[in-house]
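**Q** After the structure tokens below, expect a handful of questions from me.
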Protein chains: 2
Amino acid sequence: MYDFAADSAESARAVETAMERLITANQLSGPGPAADRLIAAMRHGTLGGGKRLRPLLVRQAANIFNIPAPQAIVPGLAVEMIHCYSLIHDDLPAMDDDDLRRGRPTVHKAYDDATAILAGDALLTHAFGLLAGADCHADPAVRIALVTELVAGSGAGGMVGGQMRDIEGEKGGFSGDDISVMHSMKTGALIRASVRMGAILGGADARALSALTAYAEAAGRAFQLADDILDVTATPESMGKATGKDAAAGKQTLVSQLGVEGARARLTEIVNHALGCLRTFGPKADGLRATARYFASREH
Amino acid sequence: MYDFAADSAESARAVETAMERLITANQLSGPGPAADRLIAAMRHGTLGGGKRLRPLLVRQAANIFNIPAPQAIVPGLAVEMIHCYSLIHDDLPAMDDDDLRRGRPTVHKAYDDATAILAGDALLTHAFGLLAGADCHADPAVRIALVTELVAGSGAGGMVGGQMRDIEGEKGGFSGDDISVMHSMKTGALIRASVRMGAILGGADARALSALTAYAEAAGRAFQLADDILDVTATPESMGKATGKDAAAGKQTLVSQLGVEGARARLTEIVNHALGCLRTFGPKADGLRATARYFASREH
């Protein structure tokens, strides 16, 4: 019987430990106070919790192909570094201008804007360094496929393009379809890349990759919709960040279109669709099943 | 007889053409006005000239190993994208706060700060996508080696770490050694990576790679010292950007330590050292020789 709480906690601990070891001045930068400050900002933006859902998805997708969890850790760290850099940059005054993240000061509040920009740039760069390293996978062709996948998930056609759409959308004139494209890029693309990277690690064939991609796209939609619902229903204390921001900004979301109850019903439909995509995989996919359900039920 | 003017102009044209084709919404992002804006900002930050010295170095180093210039273009584009993203981010108000670059408005002036941050992030990401693509090199192991090299040149132990040191150094207390480490990281590391990527493309053995690395490190020092001299001696019109900024900011450079004439003498020594590193390579290295001399003689 798959235990989501135990598996996700163990995965998050493994990510935290590995990230902690990785982001040190000895590993990445030279000596001196400037290097110390850069590394400290990178650590502030990556350590100290977070649910580590993307590395969990890498690990759970790899598990379908009998890849042991420790072999999925490096690709998981790479995706997590991309996620963390994007939060650091998105929180900047020029972007979303957030002071709090996971209940702690954002990187530019704890350090300064220039340091936050550079810490994000460095994390983005070293994510690809991790994938290129021998610790990632023995076969260079697999490492290259992982780089390609992470670029697709995080670049102009994925996460960064979605963030750009989000910013432009706040200026008004976004339709429901525009919102859905924006979400599928801003949040969905990296979730999709996480699942596919697990599948690539496992040497998935085209059919399995396609089913897992469909799962990941539905899971990403569920994740974002749950986030939009929480923005309306949760308190800043339970979220560890400001809430009600979408409404305050007059931002269109599915919740503003469907209402909270309508959005919850839609969320259930989407999760069921995600589960349907995993039909052929048997109990090895119970991790991915549990994560899709978790996306719909989470309270922060 | 090697013709630097012709070779560098041809190389710059090839980079411009390939970059122009590459950075389009069809290639990188989806349709819509937000994608158009992101792509336009990425184009603003990469097209319209620039000397393209880093792709030239990739090409010239690869030439030693009989790699035809067209086969060096993709790695050259990747290095150039990294260089361009770093200029976009460095020009931001939170960093160097520059309004002009190559005589044109900087990206955040032409668009806005958020767009400039995202355009830089996207260029950084897609640089690695280029290296991972089949167009880069037939052998995935070579592509992985190129990714590793570019990460080393541009991450916390290279360019980004150097920029962080530069910012901290402006707060005072930098010694001559600190300045030299800062320069070797901020500017030198990417020049080093460019030369080494050309060597990796060419399948250089350890001895050749080591000689070319020593050349590149000297060339990088020459490049930065020439820049510092120009900051004192050139006009904003000839440079297409503000000058006298180092002195105005009270920034320590080798020029402030040695005086202009002393710095020019040091520059000649460094270039001679760079040329010495190429001793064993014969006429195939005339390109790299000419570039080192060019670094010392350039007027903008």
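The values are calculated or read from the model by the stated rules, or taken from the named source; none is laboratory data. If you're wondering where the values come from, they're calculated on a predicted model, not measured in any experiment. Here the Cβ is made from the backbone with ideal geometry for all residues, glycine too, and neighbour counts use every protein chain on show.
**Q** With the condition kept exactly as written, say whether any residue in the range A:87-94 is farther than 18 Å from B:ASP90 by Cβ and over 17 Å from the mean Cα position of the chain (by Cα).
**A** No, every residue in the range A:87-94 fails to be farther than 18 Å from B:ASP90 by Cβ and over 17 Å from the mean Cα position of the chain (by Cα).
**Q** Go over the candidates B:SER8, B:SER29 one by one and state the one that is among the polar types (S, T, N, Q) and in contact with a Phe, Trp or Tyr (Cβ under 8 Å, 6 or more places away or on another chain).
**A** After ruling out the rest, the residue left standing is B:SER8.
**Q** All but one of (1) surrounded by 22 or more Cβ atoms within 10 Å (Cβ to Cβ); (2) not in a helix (DSSP H, G or I) hold for A:ILE67; state the number of the condition that does not hold.
**A** Result: A:ILE67 fails condition (1) only.
**Q** If you don't mind, there's one more thing I want to ask. Just checking, which of A:ARG59, A:ARG101 is basic (Lys, Arg) and more than 22 Å from B:ALA94 (Cα to Cα)?
**A** A:ARG59
**Q** Select from the range A:275-288 the residues that are farther than 11 Å from A:LEU212 by Cα and touching a residue at least 60 places away in the same chain (Cβ under 8 Å) and write down the one among them that is surrounded by the most Cβ atoms within 10 Å (Cβ to Cβ).
**A** A:GLY287
**Q** So if I check each of A:ALA5, A:ALA18, which one is away from chain B (no Cβ under 14 Å) and closer than 16 Å to A:LEU130 by Cα?
**A** A:ALA18
**Q** So, one more: So which residues in the range B:163-192 are touching a residue at least 12 places away in the same chain (Cβ under 8 Å), over 13 Å from the mean Cα position of the chain (by Cα), within 11 Å of chain A (Cβ to nearest Cβ) and in a helix (DSSP H, G or I), if there are any at all?
**A** Listed by number, the residues that qualify are B:GLN163, B:ARG165, B:ASP166, B:ILE167, B:GLY169, B:ASP178, B:VAL181, B:MET182.
**Q** List the number of the failed condition for B:ASP90; all other conditions in (1) away from every other protein chain (no Cβ under 11 Å); (2) farther than 19 Å from B:PHE128 by Cβ hold.
**A** So the condition that B:ASP90 fails would be (1).
**Q** Hey, any hits in the range A:91-98 for a residue that's surrounded by fewer than 18 Cβ atoms within 10 Å (Cβ to Cβ) and out of contact with any helix residue (DSSP H, G or I) (no Cβ under 7 Å at 6 or more places or on another chain)?
**A** yes
**Q** OK, next. Among the residues that make up the range B:210-228, is at least one of them modelled with pLDDT under 95 and touching an Asp or Glu at 6+ places or on another chain (Cβ under 6 Å)?
**A** No: zero hits.
**Q** Tally up the residues in the range A:1-54 that are at pLDDT 95 or above, within 19 Å of A:ASP112 (Cα to Cα) and basic (Lys, Arg), please.
**A** 1
**Q** Sticking with this structure for a sec: Could you please find all residues in the range A:1-31 being part of a helix (DSSP H, G or I), in contact (Cβ under 8 Å) with a residue 60 or more places away in the chain and surrounded by fewer than 16 Cβ atoms within 10 Å (Cβ to Cβ)?
**A** If the condition is that a residue be part of a helix (DSSP H, G or I), in contact (Cβ under 8 Å) with a residue 60 or more places away in the chain and surrounded by fewer than 16 Cβ atoms within 10 Å (Cβ to Cβ), then no residue fits.
**Q** Picking from B:ALA61, B:ALA78, B:ALA69, which residue would you name as being out of contact with any Lys or Arg (no Cβ under 8 Å at 6 or more places or on another chain) and not basic (Lys, Arg)?
**A** Numbers: B:ALA61 fails: out of contact with any Lys or Arg (no Cβ under 8 Å at 6 or more places or on another chain); B:ALA69 fails: out of contact with any Lys or Arg (no Cβ under 8 Å at 6 or more places or on another chain).
So the residue among B:ALA61, B:ALA78, B:ALA69 that is out of contact with any Lys or Arg (no Cβ under 8 Å at 6 or more places or on another chain) and not basic (Lys, Arg) is B:ALA78.
**Q** Hey, could you check the range A:99-111 for residues that are touching a residue at least 60 places away in the same chain (Cβ under 8 Å) and buried (at least 17 other Cβ atoms within 10 Å of the Cβ) and say which is nearest to the other protein chains (Cβ to nearest Cβ)?
**A** A:TYR111
**Q** Something else: Does B:ALA94 count as in contact with an Asp or Glu (Cβ under 9 Å, 6 or more places away or on another chain), more than 20 Å from B:TYR215 (Cβ to Cβ), among the small types (Gly, Ala, Ser) and not in a helix (DSSP H, G or I)?
**A** When the stated conditions are applied, B:ALA94 passes them.
**Q** Pick from B:ASP3, B:ASP36: which is more than 18 Å from the chain's Cα centre (by Cα), over 30 Å from B:PRO283 (Cα atoms) and of a type in the set (Asp, Glu)? Step through it out loud before you land on a result.
**A** Details: B:ASP3 fails: over 30 Å from B:PRO283 (Cα atoms).
Being more than 18 Å from the chain's Cα centre (by Cα), over 30 Å from B:PRO283 (Cα atoms) and of a type in the set (Asp, Glu) holds for just one of B:ASP3, B:ASP36, which is B:ASP36.
**Q** Is it the case that some residue within the range B:35-55 is of a type outside the set (Lys, Arg), at the interface with chain A (Cβ under 10 Å from one of its Cβ atoms) and without any contact (Cβ under 8 Å) to a residue 12 or more places away in the chain?
**A** Checked against the condition, which is being of a type outside the set (Lys, Arg), at the interface with chain A (Cβ under 10 Å from one of its Cβ atoms) and without any contact (Cβ under 8 Å) to a residue 12 or more places away in the chain, the range B:35-55 yields at least one hit.
Quick grid of which residues meet (1) under 24 Å from B:ALA14 (Cα atoms); (2) within 13 Å of another protein chain (Cβ to nearest Cβ); (3) of a type in the set (Val, Ile, Thr):
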site	(1), (2), (3)
B:PHE65	yes, no, no
B:ASP97	no, yes, no
B:ALA114	no, yes, no
B:ALA127	yes, yes, no
B:ALA132	yes, yes, no
B:THR148	no, yes, yes
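**Q** Determine which single condition A:THR106 fails, assuming it passes every other condition in (1) out of contact with any Asp or Glu (no Cβ under 6 Å at 6 or more places or on another chain); (2) within 30 Å of A:ALA6 (Cα to Cα).
**A** For A:THR106, the failing item is (1).
**Q** Within the range B:256-287, can you find the residues that are at pLDDT 95 or above and acidic (Asp, Glu)?
**A** B:GLU269, B:ASP286
**Q** Considering the range A:116-125 alone, what residues qualify as being facing chain B (nearest Cβ under 7 Å) and small (Gly, Ala, Ser)?
**A** Matches in the range A:116-125: A:ALA122 only.
**Q** How many residues are aromatic (Phe, Trp, Tyr) and in contact with a Ser or Thr (Cβ under 8 Å, 6 or more places away or on another chain) when one looks only at the range A:1-54? Give the derivation first.
**A** If we filter the range A:1-54 for residues that are aromatic (Phe, Trp, Tyr), which is where we start, we get A:2, A:4.
Imposing the further condition that a residue be in contact with a Ser or Thr (Cβ under 8 Å, 6 or more places away or on another chain) reduces the set to A:4.
So the answer is 1.
**Q** Looking only at residues that are touching a helix residue (DSSP H, G or I) at 6+ places or on another chain (Cβ under 9 Å) and among the polar types (S, T, N, Q) in the range B:142-191, which one is surrounded by the fewest Cβ atoms within 10 Å (Cβ to Cβ)?
**A** In this case the residue turns out to be B:SER180.
**Q** Got a number for residues in the range B:150-162 being within 7 Å of chain A (Cβ to nearest Cβ) and under 15 Å from B:MET81 (Cβ atoms)?
**A** Counting residues in the range B:150-162 that are within 7 Å of chain A (Cβ to nearest Cβ) and under 15 Å from B:MET81 (Cβ atoms) gives 4.
**Q** Could you list, in sequence order, the residues of the range B:230-246 that are over 17 Å from B:MET182 (Cβ atoms) and either of a type in the set (A, V, I, L, M, F, W, C) or at pLDDT 70 or above (or both)? Don't jump to the end; show me each part of the working.
**A** The initial filter retains those residues of the range B:230-246 that are over 17 Å from B:MET182 (Cβ atoms), namely B:230, B:232-244.
Passing the criteria: B:LEU230, B:VAL232, B:THR233, B:ALA234, B:THR235, B:MET239, B:ALA242.
**Q** Got a sec? Which of A:ALA78, A:ALA114 is in a helix (DSSP H, G or I), crowded, with 19+ Cβ neighbours inside 10 Å and either among the hydroxyl-bearing types (Ser, Thr, Tyr) or touching a residue at least 40 places away in the same chain (Cβ under 8 Å) (or both)?
**A** After ruling out the rest, the residue left standing is A:ALA78.
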